[in-house]
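The values are calculated or read from the model by the stated rules, or taken from the named source; none is laboratory data. Predicted, not measured: the structure shown is a model, and the values here were computed from it. Cβ atoms come from the backbone with ideal geometry, glycine included; neighbour counts cover every protein chain shown.
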Amino acid sequence: MPGKAQQFSEDMVKLINELRAQLPDIVEDAGKASTKPVNASLWGIPLLSESDSETPERDLRLDVILAKFVKARNNDVEKAREMLTNTLKWRAEFGVDGILEETFPEDVFGKVGYLYGHDTAGRPVTYNFYGGLDNKLVFGDLDRFLRWRVQLHERGMQQLDFVDVADMLQVHDYEGVGLLSYDKFARTASRATVQLMTDNYPETLNTKIFANVPGWG
């Protein structure tokens, strides 16, 4: 997965530069498509800067972020542009920039997942738990669950510097999961979460660890 800027190949640098040159148009297109104002930044990194030349002022963290979109679309810059445009639109309409200020009931989500610690490479670690949940309570209000899940991921994204650490690690713990645990509420929430993360957080997950997986799973 894309990591430090200095690790990029010459070909990848060319693709990054192609996408970087289109950023003003991407931000404009996202703004036109969105019903709410679009923020021209991702995870604290401005998409529009005063200098796009190869100078010390060039923000190499932006290169790392753009490489994620390019990589996610198999090095197709036009598809990466479309993906980035859609992500900016989604973030505006979903209200992602203010989501860290939202509160969610601890008695509902406290046992579902949390962010804690780092791996040996300094990556933030997110823990997700699937056993012993009241699926209707947790997943029944899909919008609330997705907002909680995005907030959890955004908390991890805040810990990335996009220089030495550019992605995260997830632990999925299935202890206590029964045959009937994966009901319609869990299935719907799982599909929606995967789609949302795939569409809007490309290449931000380095490793998934699965623990206590049932023998019948």
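Brief remarks on what is shown
- Pairs are defined by a Cβ separation below 6 Å, a sequence spacing of at least 6 or placement on different chains, a first member in region 125-147 that is part of a loop (DSSP other than H, G, I, E, B), and a second member that is at pLDDT below 95; the pairs so defined are TYR130/TYR174; TYR130/VAL177; GLY131/GLU175; GLY131/GLY176; GLY131/VAL177; GLY132/GLY176.
- Filter pass, ALA211 being surrounded by 16 or more Cβ atoms within 10 Å (Cβ to Cβ) and of a type outside the set (Val, Ile, Thr): no
- If you go through region 190-217 and pick out every residue that is closer than 28 Å to VAL96 by Cα, free of Cβ contacts under 8 Å to residues at least 40 places away in the same chain and small (Gly, Ala, Ser), you end up with 1.
- Of everything in region 170-209 that is at pLDDT 95 or above and of a type in the set (Phe, Trp, Tyr), the residue that is farthest from GLY140 (Cα to Cα) is TYR201.
- Restricting region 103-154 to residues that are charged (D, E, K, R) and closer than 20 Å to ASP167 by Cα leaves a set whose member that is nearest to the chain's Cα centre (by Cα) is GLU154.
- Tallying residues that are within 16 Å of ARG61 (Cα to Cα) and either of a type in the set (S, T, N, Q) or surrounded by fewer than 13 Cβ atoms within 10 Å (Cβ to Cβ) (or both) within region 15-36 yields 2.
- Out of ILE99, ILE16, sole residue that is within 20 Å of ARG155 (Cβ to Cβ), aliphatic (A, V, I, L, M) and either modelled with pLDDT of 95 or more or within 19 Å of the chain's Cα centre (by Cα) (or both): ILE99
- Test: LYS208 is more than 24 Å from SER41 (Cβ to Cβ), within 15 Å of the chain's Cα centre (by Cα) and outside any helix (DSSP H, G or I): yes
- Selection within region 82-123 - closer than 25 Å to ALA186 by Cα and not in a helix (DSSP H, G or I): GLY95, GLU102, THR103, PHE104, PRO105, GLY110, LYS111, VAL112, GLY113, TYR114, LEU115, TYR116
- Qualifying residue in region 123-131 (condition: at pLDDT below 95, in contact with a Phe, Trp or Tyr (Cβ under 8 Å, 6 or more places away or on another chain) and surrounded by fewer than 18 Cβ atoms within 10 Å (Cβ to Cβ)): yes
- The condition of being modelled with pLDDT of 95 or more and closer than 16 Å to GLY117 by Cβ does not hold for GLN151.
- Qualifying residue in region 69-85 (condition: closer than 19 Å to LEU160 by Cβ and either surrounded by fewer than 16 Cβ atoms within 10 Å (Cβ to Cβ) or in contact with a strand residue (DSSP E or B) (Cβ under 7 Å, 6 or more places away or on another chain) (or both)): no
Residue-wise test of (1) in a helix (DSSP H, G or I); (2) of a type in the set (Ser, Thr, Tyr); (3) free of Cβ contacts under 8 Å to residues at least 12 places away in the same chain; (4) on the phi > 0 side of the Ramachandran plot.
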position: GLY156; (1), (2), (3), (4): yes, no, no, no
position: LEU160; (1), (2), (3), (4): no, no, no, no
position: VAL163; (1), (2), (3), (4): no, no, no, no
position: LEU169; (1), (2), (3), (4): no, no, no, no
position: VAL177; (1), (2), (3), (4): no, no, no, no
position: THR188; (1), (2), (3), (4): yes, yes, no, no
